[in-house]
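So the structure is just underneath, and the comments pick up after that.
The values are calculated or read from the model by the stated rules, or taken from the named source; none is laboratory data. Just so it is clear, the model here is predicted, and its values are computed rather than measured. Using ideal geometry, Cβ is built from the backbone for each residue, glycine included, and neighbour counts are taken over all protein chains shown.
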Amino acid sequence: MTREEKQVHIIRAAIKVLSEYGLDGTKMELVAREAGIGKGTIYEYFAGKEKLFEEMIIYSVQSYSQGLKQSMDQGDCIEEKLLNCICYNMDFFNENLDMLLMAMQINVFSQEMRQHMEEQSIVIFQHCRDMVEKAQAKGELRSDLDPELASFLINGTIDQYIKQRVFSKKSPPTRREQQALVEVMLQGLR
């Protein structure tokens, strides 16, 4: 394995341990065991537990961004793309809930981490804006629609929907419910 591959291997092991033991129960010894390496090897790649956690978040956000882009690229029309986006978000957040909760518990991120998160947020927003602009070019959305405002609406709606569904631990949303959400976004409130 290259150094980068080994680092990703450790991060994936740490994510698995975190999902099983939670933030407080995640120990470097458990991560090392899961990765099949010695504990000291982790410190060759990460200065400490905090740096490993930051890298786990960075890795997860980048994975999310790539998967979101792929979900938006699938589908023949804006309705299918939005539905794919909702499904991807629901699956990602359900599978990575422990990582999300951990990120919310970390009070102070390094300047580098804050900058990275801001950059990824811009990339994620741009994925949505690109989807809107392509739909406008195909005549699926109004040509006078502001792509930026539409992207805020889409991102905010999906974000709140997912958070409510994941954190409230209600029954999983049905395809019909997700379709209804897409219809509200596309048709508006009137």
For the stretch 47-57, check the following and say yes or no: at least one residue is surrounded by 16 or more Cβ atoms within 10 Å (Cβ to Cβ) and under 30 Å from VAL182 (Cα atoms). yes
Which pairs do you get when a residue that is within 14 Å of ARG12 (Cβ to Cβ) and in contact (Cβ under 8 Å) with a residue 24 or more places away in the chain, found in the stretch 22-40, comes within reach of a residue that is of a type in the set (Ser, Thr, Tyr) and assigned to a helix (DSSP H, G or I), reach meaning Cβ atoms under 9 angstrom, with the pair 6+ apart or on two chains? ALA35/THR41
Would you check if GLU140 is touching a Phe, Trp or Tyr at 6+ places or on another chain (Cβ under 9 Å) and in contact (Cβ under 8 Å) with a residue 12 or more places away in the chain? no
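Just one of SER143, SER151 is of a type outside the set (Phe, Trp, Tyr), out of contact with any Leu (no Cβ under 6 Å at 6 or more places or on another chain) and surrounded by 15 or more Cβ atoms within 10 Å (Cβ to Cβ); which is it? Working first, answer last.
Numbers: SER143 fails: surrounded by 15 or more Cβ atoms within 10 Å (Cβ to Cβ).
The unique qualifying residue is SER151.
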Take the conditions of a type in the set (A, V, I, L, M) and more than 28 Å from ILE124 (Cα to Cα) and apply them to MET28. Does it pass? yes
Between a residue in the stretch 67-84 that is in contact (Cβ under 8 Å) with a residue 12 or more places away in the chain and in the same structural domain as GLN179 (by TED's automatic domain parsing) and any residue that is assigned to a helix (DSSP H, G or I) and small (Gly, Ala, Ser), which pairs come within a Cβ distance under 6 Å, given they are 6 or more apart or on different chains? ILE78/ALA135; ASN84/SER71
Could you tell me whether any residue of the stretch 54-62 is charged (D, E, K, R), closer than 20 Å to ILE10 by Cα, assigned to a helix (DSSP H, G or I) and outside the structural domain of LEU18 (by TED's automatic domain parsing)? yes
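Are any residues in the stretch 2-41 among the polar types (S, T, N, Q) and either within 20 Å of ALA103 (Cα to Cα) or part of a helix (DSSP H, G or I) (or both), and if so, which ones?
Of the stretch 2-41, the ones among the polar types (S, T, N, Q) are 2, 7, 19, 26, 41.
Within the stretch 2-41, GLN7, SER19, THR26, THR41 qualify.
Please pick out the residue among LYS51, LYS81 that is part of a helix (DSSP H, G or I) and either modelled with pLDDT of 95 or more or in contact with a Phe, Trp or Tyr (Cβ under 6 Å, 6 or more places away or on another chain) (or both).
Numbers: LYS51 fails: either modelled with pLDDT of 95 or more or in contact with a Phe, Trp or Tyr (Cβ under 6 Å, 6 or more places away or on another chain) (or both).
Just one listed residue meets the conditions, LYS81.
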